[in-house]
Structures are given as structure tokens and as C-alpha cells.
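Written below as C-alpha cells is the structure these notes are about.
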Amino acid sequence: MTARSAARVPGALAAPAVVFLAVFAAYPLVYVIGLALTDSTLARPLQRWTGFDNFRTALESQSFTGSLWRSALFAVLAAAVQLVLGTALALLLRARAARPGLLGTLLLLPLVTPPVMVGVAWKLLLAPVGGALNGVLHALGLPGVNPLGSGTGAFTTLIVIDSWQWTPFVMLLVYAALLGVPDELREAAALDGADRSRTLRSIVLPYIEPTLLSVLLLKLVIGFKVFDIVYVVTAGGPGFSTTTSTYDIQRTALQEFDVGGAAAATVLFSLLIGLVTSLVAIRRKRYEEVAV
């Protein structure tokens, strides 16, 4: 085999991956941009070139611009809460035993529950009439509550529901990272007189910081994409208080049949996700450069 033919081998091996990316990534992206720049409906896509009119309309829409703010707030708050809770649970499991055991399995149950079923269960639990929560409160002689009746309460409830489902996912990833912390580092810290709290702050958390940043990045993306529980639990209400960008885009495309406007909103929403997640990615890259 000559040097030239040997150089062609990696390219030939990469060809299937390149074709896969072109078909399943590049083509949908180009098509969405094409929809965003044209007058498109469900029945008749790519009808007439409109330029940036769809983008201008989306940015002038209070419904969509408000949904961008709510999506960013939801993603950041949910990711922060779940990172803290998941890390705390992972530390407790690591301190308890080398394996999660039955307790770890039970904690993972919310993760394997379909999101729609999660939404239905919580909606039945929080129903103001006949709900399990108010049933318990009435049995205790306490007044009933309706957390979904106000905008702030409904938004907070969605964060609680999302955290209930995804905190086990964070716990699992952080627990795996904790298993990789060398025992020699803990022993050296103990010999230097460091207690558990100091060891955690100075040894363990800095060691797993790249994993924590990666988990945060992943959870931000998942948080931005939340749709199921919004659709099932609040349907974007009360008013527009829980209307996230994914829900607003779905409504624009499938209820108003404005596919071009929905595509433009999708592009703008993707830019927002890229902006927010890039901040975490830059922090992680700086950490790796310092570590090297």
C-alpha cells in the first residue's frame, strides 16, 4: 500500500459519518432556515420569499419575546437546583457505600417515568378539587392550596416537577464522577489535618468540577427544551406565565399554522440556547486549560 492510498483510508472510513451528518443534521437545518425565510404553512411550505419578515414579526411578538425570557429563567433555575440537589444526593450515596443499592434504585425511578405520565401524576396531585395534596391538608384541618392558580406558583411548580424528574439523572452522573476521585487524595488531605468539609471543598469538588460543568451544560439544554410538563400541567397558563418558547413555537406552527413564523422563532430560540450554553462551555474550557 502506497503512502497516498494509506492517506485515503481515514477519509473513506469517515464517509458514512459524513453522509449521516449531512442527511440528519445539515438538511433539516437548511430546510428550517428556508422555512423561516419564506411564507410557509403546513399544507404549502416554501411558497413565497419573505426575507427576514418572519424574524421581525417574531421579535415584535410579546408572546414570543416573553417566552424567551421564561425559557432562559426556567432552564437556569432548574439546572441550578438540580445540580445542587443531585450533587448532595451523590455525596450522601458515596459516603454511604460503594454501590447505590436499593436506595439508589428508588431514587432513579422518577428518571425512567415518561414525562407525560409525570405531568399527569403531578396535575392530579395538585388539583384544587379532589387532588391528593388538598385531600391530605383537609384531613389535617388545614386550608387547601392551589399552586397552579397563580403565575408565580405555576412557574415554581414546573421547576419542582422538572427537578423531581431530573435530579436523579444529575445524581447518577455526579456519583460516577465521585467514584473516580482517587482515595490517595482523600488520605493525603486527612494526613494534613483536613476534616471532611475541608476535603470536600478543597479536593473533591475541584476534582469533579469538569463533570459538574458538563452536567450543568447538559441540564441547561434539557431545561430549554422542556415541553411535556408545560403542555400537560399548565398549557402555558395562567395567561402566558408558563408559556416557554417550545410551547409558543408549537402553538404557532400547529394551532396558527404559521410554519414560517415558527421556523424563524426556532432559529432565534436556538441562538439563545447557544448564547447561554456557550458561557458554561467557555468556563469549562478555561478550567481544562488551567488544569493542563
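Coordinate-derived values only; no laboratory data. None of these values were measured; they are calculated from a predicted model. As a convention, Cβ positions derive from the backbone with ideal geometry for all residues, glycine included, and neighbour counts pool all protein chains shown.
Using the Cβ of A190 as centre and a radius below 11 Å, the other residues enclosed give a net charge of -2, where K and R count +1 and D and E count -1. The stretch 34-106 has equivalent-ellipsoid semi-axes of 48, 16, 8 Å, by the square roots of 5 times the alpha carbon gyration tensor eigenvalues, sorted largest first. What is the spin-label model distance, in nm, from S150 to R283 if the labels are put 7 Å beyond Cα along the C-beta direction? Placing both labels 7 Å along Cα→Cβ, they lie 3.0 nm apart.
Peptides 23-32, 224-233 ranked from most to least packed give 224-233, 23-32, packing being the mean of other C-beta atoms within 10 angstrom over each peptide's residues.
Other residues lying with their Cβ under 15 Å from the Cβ of A43 contribute a combined charge of -1, Lys and Arg counting +1, Asp and Glu -1. Using the Cα coordinates of the stretch 210-291, the gyration tensor eigenvalues translate into equivalent-ellipsoid semi-axes of 31, 15, 8 Å, sorted from longest to shortest. Over the residues of the chain, the helix contribution to mean residue ellipticity at 222 nm works out to -22500 deg cm²/dmol, using -39500 (n - 2.57) for each DSSP H run of at least 4. Magnitude of the charge dipole for the stretch 63-291, about its Cα centre and with charges confined to Cβ atoms of Lys, Arg (+1) and Asp, Glu (-1), is about 220 debye. The label point for V221 and the one for L109, both projected 7 Å from the Cα toward the Cβ, are 3.0 nm apart. Volume of the convex hull of the chain (Cα atoms only), normalised per residue: 224 Å³. Note on V84/V19: beta-carbon distance plugged into 1/(1 + (r/R0)^6) with R0 of 51 Å gives a FRET efficiency of 0.75. When the charge dipole of the chain is built from unit charges on Cβ atoms (+1 for Lys and Arg, -1 for Asp and Glu) and taken about the Cα centre, the candidate among V120, S197, Q82 whose Cα reaches farthest toward its positive end is S197. Across the stretch 63-291, C-alpha contacts under 8 Å between residues 6 or more apart give a mean separation that, scaled by the residue count, equals a relative contact order of 31 percent.
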